[in-house]
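Bear in mind these aren't lab numbers, they're just calculated from the coordinates by the rules spelled out. Source: prediction; values computed, not measured. Cβ placement follows ideal geometry from the backbone for every residue including glycine, while neighbour counts extend to all protein chains displayed.
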Amino acid sequence: MSDPTLTTLGFLGVASFVAGWIDAVVGGGGLVQLPALLLGLPGATPAQLLATNKFGSVFGTTTSSVTFYRRVRPDLRTALPMAAVAYAGSIGGALIGLHIPKSAFNPIILVLLVVVGAYTLFKPDLGKESIRRFHGARHTVLAMVTGFVIGAYDGALGPGTGSFLVFALVGLLGYNFLEASAKAKIANLATNLGALTVFAPMGLVVLKVGVVIAATNLVGGYVGARTAVARGSGFVRGVFVVIVSAFVVKIGGSLVGLWA
């Protein structure tokens, strides 16, 4: 792979800042950052792209997780067990992801995003208030199962993980969008670390690019988390619908182009 130019690094830095902001507000920054890496580093292998993406993202999710925790104070009795199994799931997913074609996931991602977006759009009261659907051990177990499944997906591919976590916490467990975002960030941090546990020792991270996107993703994550907390659940829901819709158009368009 050729050495990236300053123009390429600048482009990737801007894309990573936007991805960090989106990830902090509602999740799904990987659907901005990963395609940007694909464009900026055409000579990189899929494994290098995934590893570098995770390296940059972990700084943004760390910043947004800390910011959300300090300002929202999510219940760690659910968040930490969910994060622990999400970490394990991500390790397994990363090991699988090294051996499967990433293009196979696009139709699956598209279907999931359409279902998630439509359900959120046509249920305007969804996520306005926290109305727990399960309690006690059942609540924690369901959160852990959700974390493990989405963690495995994140390790194997990743884009949209934050959005899927937010939606699962809102739609399945009954959190409002702001509280769901806070817990999703903790779980997403764990999934990023899990994937890096596999990728980093293999030397797959493109360090020069990784340092740039780590710094800009960190700033984007901090700004996005403060924006989400200040604006509240209604704002997060609105951004969620817009971002999911944009992802549907983007992925759907790419699939139509492939099938044309």
Gaussian network model of the chain, Cα within-10 Å springs - most flexible of ALA152, ALA137, ALA15 | ALA137
Rank the residues LYS208, LYS185, LYS250, LYS54 as a footprinting-exposure proxy: fewest other Cβ atoms within 10 Å of their Cβ go first.
-> LYS208, LYS250, LYS54, LYS185
Close Lys-Lys pairs in the chain, where close means Cα under 25 Å and separation is 8 or more or interchain | 14
Quotient of Cα Rg and 2.2 N^0.38 Å for segment 139-260, N being how many residues it contains | 1.17
Relative contact order, percent, of the chain when contacts are C-alpha pairs under 8 Å separated by at least 6 residues?
-> 39 percent
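Arranged by the count of other C-beta atoms within 10 angstrom, fewest first, what order do VAL211, VAL205 take?
By the 10 Å Cβ count, ascending: VAL211, VAL205.
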Nonlocal amide H pairs with VAL206, under 5 Å, H built at 1.01 Å | THR52
When the chain is treated as a GNM, springs tying every alpha-carbon pair under 10 Å, which of TYR69, TYR87, TYR153 comes out with the largest mean-square fluctuation?
-> TYR69
Whole-Å semi-axes of the chain's equivalent ellipsoid, largest first, each the root of 5 times a Cα gyration tensor eigenvalue?
-> 27, 19, 18
Of VAL170, VAL18, VAL249, the one that fluctuates the most in a GNM where the chain has Cα springs shorter than 10 Å = VAL249
Order of ARG132, ARG226 - criterion: other Cβ atoms within 10 Å of each residue's Cβ, fewest first = ARG132, ARG226
About its Cα centre, how strong a charge dipole does segment 6-259 have in debye, to the nearest 20, once Lys and Arg get +1 and Asp and Glu get -1 at the Cβ?
-> 440 debye
For segment 33-41, Karplus-derived ³J(HN,Hα) couplings (6.51, -1.76, 1.60; θ = phi - 60°; whole Hz; x for glycine and proline) come out as 6, 5, x, 5, 5, 4, 6, x, 10
